[in-house]
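Below is one structure, written out as structure tokens; the observations come after it.
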Amino acid sequence: MIKNTESDRVLISNENLLNPWSSFHDQTKINENKVAVIDENEKKFTFHEIYRQSISVSEYLAAQGVKKHSRVTLVSESSRLCLITILALMRCGAVIVPVDNRYPEKTINQIYEDSLSTHLLVNNPENELLNSLIVDDAAFEQDFLAVQESILQPDELGFILNTSGSSGPPKGVEMPIRLHCARNRVVDPYKSSVSVFKGSISWIDVLPLRALAQGNSVLIVQYQDLLDPKRYLEKMLKHGVDLIDTVPSHLKILTKEKELLSQFSQVHVSGEPIDDTLITTIKTEFPEIILTEHYGCTETLGYGASRVLSSPSVKEPTPWKADAAVNIYIIDEEGEEVSPGEKGEIVIAGPQLSLGYTRSELNKKCFICDTLGESKLYRTGDLALRRENNSFYLAGRIDSQVQIHGIRIEPKALESYSLTLTSVIEAFGTPVDTPTGQRLALYLTPKTVNLDEVKDHLSEYLPIYSMPYYYLTLDKLPRLPTGKVDRKELPEPHLLNTHLTNKYENPKNTTESKLLSSWKKVLKIASVGVYDNFFELGGHSLLLIELIHSIKKGTGTTFTIYELIDNPTISQQAKLIARSQESKSDASSELASSIKEGERKPASYAQTNMICYESSMPKNKSYNTIRNWRIQGDLSTDCLYDSIKLIVERHQILRSTFEVDDGFGFLITHPNETIDCKEISAIGKDLNEKKEWVDRAIETEYNKRFNLSCEHPIRIRIYKLDTDLHILSVIIHHCATDAWSWSLFTHELSLAYSAIHKQQKPVLPTLEIQYTDYAFWQSQQITESRYAAQYHYIKDQLTDLPTLKLSDCTPGNTGNRLSVAKHTFSLPTELSNRLKGYSQRNQVTEYMVLLAVYQQLLGGISRQEKFLVTSVLNRRHLFGTKDLMGYFVDSIPYRTNLASDRTLYDQLNSITRFTLASLKLNTLPFEILFSLLREQNEIKSSFANTAAINIVKKRSTHRLDIPDLIIDDISIPSLSTTSPLDLLLFASISDDSCSITFTYNVFLFSIKRISDFEKEFSQLLAWNLRR
């Protein structure tokens, strides 16, 4: 027996086992306000919040008939809702059958039937299947009968995990609940307060459940994060995770981000062999990282053996040693243990062993009972060479099973599914080595088999990662006298056998030639045509990341992974590059960062307009914007100051002054010598006094107008309420920021503080340009022809439009118009889902639908059919502006005519037409053209009496988030905001919700009137979506 005797690693005890739900319940009592889950959008949820949501979902499931021992198939990817659903099912005492949502529908149905499930659950409406229940946030909002928890006992069946099956459908592995239980003393092998729940749920990692059971946090990482190495590593570091657990092929991609990867202390790899080249890379370029390789299987919940890898230059490779949780034996064909120096099959015993398979015929083949002093052993099918010192070397397989990117794949499944086609007589699947790793080859007879039919048929049962790479047709399969396929006589597969769908064609220009070079390097093949599909040539998501790096190096163009997925040929990618370069040619020559500090350069038109308008406002009003955060924990104010100073250094707009000369605005950038940052202590005051004092202090600072001719447009105040409690207040003048910029600021502050606190260099995006470059570029765009075209277009839109009469009241002066309040509400989940569904079916955006309904609301309020509505436009479409702080906001005018546009369909057509025309012409800010037209008596409308709409997709970076600190956004009710508009509708749309905010002139509208607007808007939206 090969046994690990290092008792300090993990102590397996069968005493005091607690069901994960019970442990989680206990931890909620202890850590009610501690962060339990950091979701896929980086929003934090406390133990109390996750606990309450889990109970709500369990009551919803109970109302649908889920009870103790019910078998429930859950189709999802890792997410907060998925984790809550798992907890809810455990509270109900259900047996959980987790399924990867990338599986085809037929395979999901097979798993559902084979597992004898009674219910099918999905967390995403896009994955909705026949007879499935959708578990989403709506389940939290409904009232169901309270139900008592009915949890399973440790030795009862708790999960059925599915792994690749040789006969076609995946094999169901029955796991007792005790394998997910928290024990008296279980040492977390990751020694981290944050565990990661990522990617596929088919294998449900034990760590997320144990993390919650032990009072630790869970970080959700989804597919899209895994496929973006920079984003993935940044997210892990941001939340205090310093260990990476992945497959070697993914690790190879992560090595491209050297600065980020070097900040991790450990890397654990498993799922496929790691090659010597990658080991050498880690050991030479990341010498501080401890690299550990793990061996295990689903039938033992991943437990098996491990080894800490050393440099391949060492003469003898590192042997494997058994995990403390299992006993490993290496046996011969007779079932006897082999001697040191001999090969045999690995069998595993111990408390981590599963109960067996759902199909009894597989149990007889793969599990041995009452042998070698063990009641039960699992036959892995892996071969090993036994060594003297209680260790072994892996030595291949006894069958054709292969693991690709950590996923177990049975070539016999290809054969089984292929033979269900009447046109296929024989099928043989086998792994083959290629320059980019192991692939699957499928040999079929007869030679006349239609390969398109075969591919389509297999895709109905297999996820894309299990599909063959090579397809070969033969008259008959070569066989040995025993009847087995003679592998040596099979023709060797090559590129032509990948079954490409396009004819070969050479590159036509320099760009295509550079792309061709990148493709050959990544795919390691000699011949590629410009119309060949990357995925049909053997490409996959991990190679796609390599391709992105190679293309950037060869062409200077950076693609997102989704752009390349949508454009999988060289020809398509060359067109993307051409469009990108065309866009840059309009802007990059002028946008190139060439403006020096101290130079007096034009401000943007929007800035000039804002500063001039502010000068006419009362002195107690300004265009200041503010964000306040309550920070609990051991905050280093020195690190905070250094982090903010770094951000001000990066963004010149935050260290610029403004001058207005004869109606023209100018920017002057200054060195980052000092910033207006003060720490003010309130220690010694009682609690109520502190709150009132801080509110007054923040209000005073907020109302203090910047002298932009000599002050930088940012002001920082840190209010110390106690040794471990601070209020951070950041005030930035609106001419230097917008909503997008605030998201950038909080995101960069989170990353910078986390790195500086660890005495590391912050890794932030390189800024190609500065806001002063953008403003200077804008000033150069106003040619006579462009000005005339835009002027006449705006004039045509506004001619004969009367002033929009939103209220019978008329403000007494300009100052009144600046006093505004806000009213926020959320659309019901059912209505929000209908909005999303309507938009998708009619190929319009949610923005367009909400704008059309807003026009109808305004028509009803004003009793007018013709009026103007403006919509906020973000000018960040230009090269280099997406990571830049500054004011990039403008407006698009929408001429509303409800007399001619009598249906929602008519309105949507008009909105589309106006949007395209405005974007084509838009160079000068709309407000400036509006003012010019008013001055020349060309129009009658007043911009101040205009209603506007602003709709955004929620951004996950808007929260300040620093490991080991509890941070909450706070608002000060007494802070008044300003706006030149009478009524603004702001809609914030996420994947599962839609919130609406009315910003309104308090001298025109009462709170009751705005509440009426809420009801009328919701009713109008519901009525339109029903039509």
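Please determine whether any residue of the stretch 130-142 is under 30 Å from residue 237 (Cβ atoms), touching a His at 6+ places or on another chain (Cβ under 9 Å), part of a loop (DSSP other than H, G, I, E, B) and at pLDDT below 90. So far as the stretch 130-142 goes, no, none of its residues is under 30 Å from residue 237 (Cβ atoms), touching a His at 6+ places or on another chain (Cβ under 9 Å), part of a loop (DSSP other than H, G, I, E, B) and at pLDDT below 90. The condition of being buried (at least 17 other Cβ atoms within 10 Å of the Cβ), outside the structural domain of residue 558 (by TED's automatic domain parsing) and in a strand (DSSP E or B) holds for residue 872. Answer yes or no: is there a residue in the stretch 281-290 that is of a type in the set (Phe, Trp, Tyr) and over 29 Å from residue 36 (Cα atoms). Checking the stretch 281-290: at least one residue is of a type in the set (Phe, Trp, Tyr) and over 29 Å from residue 36 (Cα atoms). Set side by side, the residues 736, 752 differ, and just one is in the same structural domain as residue 647 (by TED's automatic domain parsing), more than 21 Å from residue 241 (Cβ to Cβ) and surrounded by 17 or more Cβ atoms within 10 Å (Cβ to Cβ), which is 736. Condition first: modelled with pLDDT of 80 or more, part of a loop (DSSP other than H, G, I, E, B) and surrounded by 20 or more Cβ atoms within 10 Å (Cβ to Cβ). Can you find one or more residues in the stretch 610-622 that meet it? No: the stretch 610-622 contains no residue that is modelled with pLDDT of 80 or more, part of a loop (DSSP other than H, G, I, E, B) and surrounded by 20 or more Cβ atoms within 10 Å (Cβ to Cβ). Tell me, yes or no, whether the stretch 659-668 has at least one residue that is farther than 30 Å from residue 599 by Cα, modelled with pLDDT of 85 or more and assigned by TED's automatic domain parsing to the domain that holds residue 627. Looking for residues that are farther than 30 Å from residue 599 by Cα, modelled with pLDDT of 85 or more and assigned by TED's automatic domain parsing to the domain that holds residue 627, one finds none in the stretch 659-668, hence no.
Residues that are of a type in the set (Gly, Ala, Ser) and modelled with pLDDT of 60 or more were ranked within the stretch 559-602; the one that is nearest to residue 533 (Cα to Cα) is 571.
Of the residues 127, 123, the single one that is crowded, with 20+ Cβ neighbours inside 10 Å, more than 23 Å from residue 29 (Cα to Cα) and either of a type in the set (S, T, N, Q) or at pLDDT below 85 (or both) is 123. With respect to the conditions (1) surrounded by fewer than 23 Cβ atoms within 10 Å (Cβ to Cβ); (2) assigned to a helix (DSSP H, G or I), residue 42 lacks only one, and its number is (2).
When restricted to residues that are assigned to a loop (DSSP other than H, G, I, E, B) and either of a type outside the set (Val, Ile, Thr) or in contact (Cβ under 8 Å) with a residue 60 or more places away in the chain (or both), the stretch 298-339 contains 21. Quick one: is residue 378 surrounded by 18 or more Cβ atoms within 10 Å (Cβ to Cβ) and more than 30 Å from residue 280 (Cα to Cα)? Judged against the criteria, residue 378 is a match. Among the residues of the stretch 291-325, those that are touching a His at 6+ places or on another chain (Cβ under 9 Å) and either among the aliphatic types (A, V, I, L, M) or closer than 25 Å to residue 259 by Cα (or both) comprise 291, 292, 293, 301, 305.
Here residue 428 passes the criteria (1) loosely packed, with under 15 Cβ neighbours inside 10 Å; (2) at pLDDT 90 or above except the one numbered (1).
The residue of the stretch 444-467 that is farthest from residue 416 (Cα to Cα), among those that are assigned to a helix (DSSP H, G or I) and among the charged types (D, E, K, R), is 452. Residue 280 meets all of the listed conditions (1) modelled with pLDDT of 90 or more; (2) touching a helix residue (DSSP H, G or I) at 6+ places or on another chain (Cβ under 9 Å) but one, namely (2). Residues in the stretch 200-255 that are under 30 Å from residue 51 (Cβ atoms), more than 14 Å from the chain's Cα centre (by Cα) and part of a loop (DSSP other than H, G, I, E, B): 12 in all. When the residues of the stretch 823-865 are filtered to those that are β-branched (Val, Ile, Thr) and either at positive phi or in contact with a Ser or Thr (Cβ under 8 Å, 6 or more places away or on another chain) (or both), which remaining residue is surrounded by the most Cβ atoms within 10 Å (Cβ to Cβ)? Among those that are β-branched (Val, Ile, Thr) and either at positive phi or in contact with a Ser or Thr (Cβ under 8 Å, 6 or more places away or on another chain) (or both), it is 849. Evaluating residue 540 against the criteria (1) surrounded by 16 or more Cβ atoms within 10 Å (Cβ to Cβ); (2) modelled with pLDDT of 75 or more; (3) closer than 18 Å to residue 228 by Cα leaves one unmet condition, (2). For the stretch 551-558, the count of residues that are crowded, with 18+ Cβ neighbours inside 10 Å, assigned to a helix (DSSP H, G or I) and either modelled with pLDDT under 85 or in contact with a Ser or Thr (Cβ under 6 Å, 6 or more places away or on another chain) (or both) is nonzero. A count restricted to the stretch 659-693 and to residues that are assigned to a strand (DSSP E or B) and buried (at least 16 other Cβ atoms within 10 Å of the Cβ) stands at 7. Among the residues of the stretch 523-550, those that are among the polar types (S, T, N, Q) and part of a loop (DSSP other than H, G, I, E, B) comprise 527, 533. With respect to (1) surrounded by fewer than 20 Cβ atoms within 10 Å (Cβ to Cβ); (2) of a type outside the set (Gly, Ala, Ser); (3) touching a residue at least 60 places away in the same chain (Cβ under 8 Å); (4) closer than 27 Å to residue 163 by Cβ, the lone exception for residue 363 is condition (3). Just one of the numbered conditions (1) more than 18 Å from residue 963 (Cβ to Cβ); (2) surrounded by fewer than 22 Cβ atoms within 10 Å (Cβ to Cβ); (3) polar (S, T, N, Q) is not true of residue 249: (2). If the condition is being free of Cβ contacts under 8 Å to residues at least 40 places away in the same chain, among the acidic types (Asp, Glu) and closer than 30 Å to residue 357 by Cα, then the stretch 255-297 contributes only 293. Taking first residues from the stretch 1010-1027 that are surrounded by 15 or more Cβ atoms within 10 Å (Cβ to Cβ) and partners that are acidic (Asp, Glu), no Cβ contact under 9 Å between residues at least 6 apart in sequence or on separate chains turns up.
If only residues of the stretch 506-522 that are touching a helix residue (DSSP H, G or I) at 6+ places or on another chain (Cβ under 8 Å) and not in a helix (DSSP H, G or I) are counted, the one that is surrounded by the most Cβ atoms within 10 Å (Cβ to Cβ) is 507.
Matching residues to (1) at pLDDT below 80; (2) small (Gly, Ala, Ser):
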| position | (1), (2) |
| --- | --- |
| 757 | no, no |
| 771 | no, no |
| 779 | yes, yes |
| 830 | no, no |
| 834 | no, no |
| 843 | yes, no |
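The values are calculated or read from the model by the stated rules, or taken from the named source; none is laboratory data. This structure is a prediction, so every number in the text was calculated from the model and none was measured. Positions of Cβ are backbone-derived with ideal geometry, glycine not excepted, and every protein chain shown enters the neighbour counts.
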